[in-house]
Amino acid sequence: MATYGHYVRATETATAIVPPTRVDTALTVVVGTAPLHLAAQPMGVNKPLLVNSYSEAVTQIGQSKKWEDYTLSEAVYSEFALYQVYPAIYINVLDPAKHKKTETNVNVTLTDNTGIIEKPVLLNTLVVRKTQAAEPLQIDKDYTATYNDDEQLVISMTAPAASVVATYDYLDPSMVTEDDIIGGVASDGSLKGLELVHQVFPQFGLIPCTILAPGWSHKSAVAAVMKAKETNISGIFSGLSLADADTETVRNYTQVVEWKNKNNYNSNSQVLCWPKVSLGGRQFHLSTQLAHLMGQTDAAHDNLPHYSPSNKGLQADSSVLKDGTEVYLTPINGAYLNGQGVHTALNFIGGWKAWGNRTTAYPSKTDPKDTFIPVRRMFNFVINTLITTYWSKIDDPTNLRLIDSVVNSAQLWLNSLVSRGALLGARVEFREADNAKTDLMDGIIRFKVYLTPPSPAREIVFDLEYDVEYLSVLFG
């Protein structure tokens, strides 16, 4: 029953134009192994960790110089120290309860009451005695145990001693296999490894845009699972996976294409890199630096992914194979790899640059949206933004107000992308031909979106001609 009124009052109507939600264009999700023994507050195992700063990363992930053993350290250093982009999601699969070994009654010789253990000791398992039969000593009372800059565990006694006996567990990263990286669904329903990519948005409200597994993505089984996640993140979002070709067996650029085809690196949303790059003697997987270079490039262009990372500066002073052999490619060599859907590094004009625009779908596919990296990323960006923006409209009444709200607000947003140069043109339509009456009755409505991201100018041609008419200047 209507309430009798005798007053001035106001009501509110929802705005017909819906502002778009913000979608980070280059959020990386990195799956690998962490040096938990060096972390002050160690992250969990198979639990996504959101990191917004270098200090957070070092505190929870740890920082090691042994990147082959602890692959997350490479990504942390590249992201925060070299490219200074954030945030990032890290997933550690190195399990101290599983990937460990035990040393019992190890004699540690002391010099000036100080001794060193080379192994990556888990401090919560360390037991120190004066002799094998003696009672355990108390840490921080009878002795201290800390890691030095060389990642050695230093035991310092508070009372004079020539030696002690230590028992401990230590991490063994060599026990980690590609099955740990791939992960899956455990018997208790929990997710592991790459399967945790699906948990990032429900847990943090952030969309994974780039999937990395440095040191593992050259394994075809790992790359295949990364590839499976690209267009099905949390069941609806789209992203990109970056992989590396093997730099141990593939020693010449002419061998890369055969390796790529043999190992089935062929996807609209996958980028393959070869070789590695090095800075100050420290090797990086090219996929690692490329991921962070994309974030840096996006940040320099209004946080939009329409600029290609190609021909942008890498943090490198050489490109190398796994054994350290330096690789110098000419533009012709680089163009050959690019033409086969492989991204590389080139030192030609302006220092070391990322070089290549194609996904691994090229050259078997030529559709720009499936083969050009920035075009593919713009499609992903538009897809993900439309999903997050209009998710709130799910289950609203299917009427003209809903349709007009979606069409008008989406068009305004697309127009803004055009005005900023991220799209050459775009429009959204609600077409009768796309919407059968039976679908409308069943609550299914379809909108057609046309968009044209700019293709990268991969080839610029100047045509020079000798003009004889200019000889007339000889006669004044």
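Read-outs: derived from the displayed coordinates by stated rules, not from any lab. None of these values were measured; they are calculated from a predicted model. Virtual Cβ from ideal backbone geometry, glycine too; neighbours counted across all protein chains shown.
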At the level of C-alpha centres, the distance separating the stretch 398-476 and the stretch 309-387, in angstrom, is 24
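Given the chain, what percent of its DSSP beta bridges are antiparallel, to the nearest 5?
Numbers: 46 of 62 bridges.
Counting DSSP beta bridges with both partners in the chain, the antiparallel share is about 75 percent.
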Formal net charge of residues neighbouring Gly184 (Cβ-Cβ distance under 13 Å; K, R +1; D, E -1): -3
Any aspartates and glutamates whose Cα falls less than 13 Å from that of Lys130, other than same-chain ones fewer than 8 residues away, would be Asp142
Going by a ≥ b ≥ c, the root eigenvalues of the Cα gyration tensor, does the chain fall in the rounded group (a/c under 1.5), the prolate group (a/b larger than b/c) or the oblate group? oblate
Just to check I understand the Karplus step: with θ = phi - 60° and J = 6.51 cos²θ - 1.76 cosθ + 1.60, what whole-Hz values come out for the stretch 100-106, glycine and proline as x? 8, 9, 10, 10, 10, 6, 8
Taking a cut-off of 23 Å, what percent of all Cα-Cα pairs in the stretch 321-476 are separated by more than that? 60
Would you mind counting up the charge near Thr366? Only other residues with Cβ under 14 Å from its Cβ, with Lys and Arg at +1 and Asp and Glu at -1. +3
Exposure proxy ranking, count of Cβ atoms within 10 Å, fewest first, for Thr247, Thr102, Thr144: Thr102, Thr144, Thr247
Exposure proxy order (Cβ contacts within 10 Å, fewest to most) of Thr146, Thr25, Thr371: Thr146, Thr371, Thr25
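Shape of the stretch 100-171 from its Cα gyration tensor (a ≥ b ≥ c, root eigenvalues): rounded if a/c is under 1.5, otherwise prolate when a/b > b/c, or oblate? Intermediate values should be presented prior to the final figure.
Working: a/c = 1.60, a/b = 1.17, b/c = 1.37.
Oblate, because a/c is 1.5 or more while a/b does not exceed b/c.
If you add up the charges near Ala161, with Lys and Arg at +1 and Asp and Glu at -1, over every other residue whose beta carbon is less than 15 angstrom from its beta carbon, what do you get?
Details: positive: Arg129, Lys130, Lys141; negative: Asp112, Glu135, Asp142.
Every neighbour counted, the sum reads 0.
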Expressed in nanometres to one decimal, the distance between label points 7 Å along Cα→Cβ at Lys437 and Asp323 is 7.4
Determine the calculated [θ] at 222 nm for the chain from helices alone, applying -39500 (n - 2.57) to every DSSP H run no shorter than 4 residues and normalising by the residue count; nearest 500 deg cm²/dmol. -7000 deg cm²/dmol
Applied in sequence order to the stretch 53-66, the curve 6.51 cos²θ - 1.76 cosθ + 1.60 (Karplus, θ = phi - 60°) yields integer Hz couplings, x standing for Gly and Pro, of 8, 4, 5, 4, 4, 5, 5, 9, 9, x, 9, 10, 8, 8
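If you count the DSSP beta bridges with both ends in the stretch 100-171, what percent of them are antiparallel, to the nearest 5? Intermediate values should be presented prior to the final figure.
Values: 22 of 23 bridges.
Antiparallel bridges make up about 95 percent of those DSSP assigns within the stretch 100-171.
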So what's the angle, to the nearest 10 degrees on a 0 to 90 scale, between helix 253-262 and the longest Cα principal axis of the chain? 80
Listed by chain and number, the residues whose amide H is under 5 Å from that of Val320, excluding neighbours fewer than 5 places away on the same chain and using placed H, are Lys276, Val277, Ser278, Val327
Contour minus Cα-Cα distance for Thr114 and Ala159 (0.36 nm per residue): 15.2 nm
Classified through the alpha carbon gyration tensor (a ≥ b ≥ c as square roots of its eigenvalues; rounded if a/c is under 1.5, else prolate when a/b is larger than b/c, else oblate), the stretch 193-313 comes out oblate
Using θ = phi - 60° and the Karplus curve 6.51 cos²θ - 1.76 cosθ + 1.60, what whole-Hz ³J(HN,Hα) does each residue of the stretch 357-373 get, with Gly and Pro shown as x? 10, 9, 7, 6, 5, 7, x, 5, 10, 10, 4, x, 5, 9, 10, 8, 4
Mean separation of Cα contacts under 8 Å (at least 6 apart) over the residue count of the chain, i.e. the relative contact order in percent, is 13
Measure out, as a whole number of angstrom, how far apart the alpha-carbon centroids of the stretch 64-105 and the stretch 162-182 sit. 14
Reachable aspartates and glutamates from Lys260, criterion Cα separation under 13 angstrom, eight or more residues apart if same chain: Asp244, Asp246
